[in-house]
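Engineer: Questions regarding the structure given below will be posed in turn.
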Amino acid sequence: MENLGKNDLGAVVGGRRLERRPIDIIQRLGRLGTSLPLFNGFVREDAITRAEANAHVARSTALDVQRQVRSDAARLVTALHFAEENVALAEEAVKAAQEDLRVQTERYRAGISTLLDELTSQVALTQAELGRVAARYNYQVTRASLEALVGRTL
């Protein structure tokens, strides 16, 4: 509203007694005015430019956030598929280690292999089981990250 100018209206009523005349003369004054700014130092133009720049920054930020979310979602979906494959491979590794331990145990009982071979197979089985636990854990972490990004359970 300050760019439209200012309107002003006022009145003064007063009275005084003059000695020459026997009646009171009442003096009435009135004032009516309008002022319009001719130059405001480019304040309005500066405000408009700043508002447009802020709007552009907000749009750019929103687009960056959308692109980041899409990128994160694609990355997490790929990581989830990778984690699923790792769980499947870890399960196969455990099965292979169990079979190797079974074979080494039978060979040791038959006197064909040493105790060291059987113990090595037991260690391999334990490592395969730890790998399976780690693969399942990574799958759950990746899934939870994707659910947090999406905002709902999968």
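No lab work stands behind these numbers, since they all come straight from the coordinates. The structure displayed is predicted, hence computed values, not measured ones. All Cβ positions, even for glycine, are placed from backbone atoms using ideal geometry, and neighbour counts span all protein chains on display.
Engineer: Let me check I've understood the local charge: for Val87, count other residues with C-beta under 12 angstrom from its C-beta, Lys and Arg +1, Asp and Glu -1. What total comes out? Can you show the working numbers first?
Structural biologist: Details: positive: Arg132, Arg136, Arg143; negative: Glu84, Glu85, Glu91, Glu92.
Spelling it out: positives minus negatives among the neighbours equals -1.
Engineer: Additional query: So how far apart, in nm, are the two label points at Asp72 and Ala134 if each is 7 Å from Cα heading toward Cβ?
Structural biologist: If labels sit at Asp72 and Ala134, their model points lie 2.7 nm apart.
Engineer: Working out 0.36 nm times the residue gap between Ala148 and Leu119, then minus their Cα-Cα distance, what length gain in nm do you get to one decimal?
Structural biologist: The Ala148-Leu119 span can extend by a further 6.1 nm.
Engineer: Same structure, new question: List the residues whose amide H sits under 5 Å from the amide H of Ser113, counting only those 5 or more places along or on another chain, with H placed 1.01 Å from N in the peptide plane.
Structural biologist: Placed amide hydrogens put Tyr108 under 5 Å from Ser113.
Engineer: Dipole of the range 70-150, Cα-centred, from +1 at each Lys and Arg C-beta and -1 at each Asp and Glu C-beta, to the nearest 20 debye?
Structural biologist: Details: 9 positive and 12 negative charges, 34 e Å.
Dipole of the range 70-150, to the nearest 20 debye: 160 debye.
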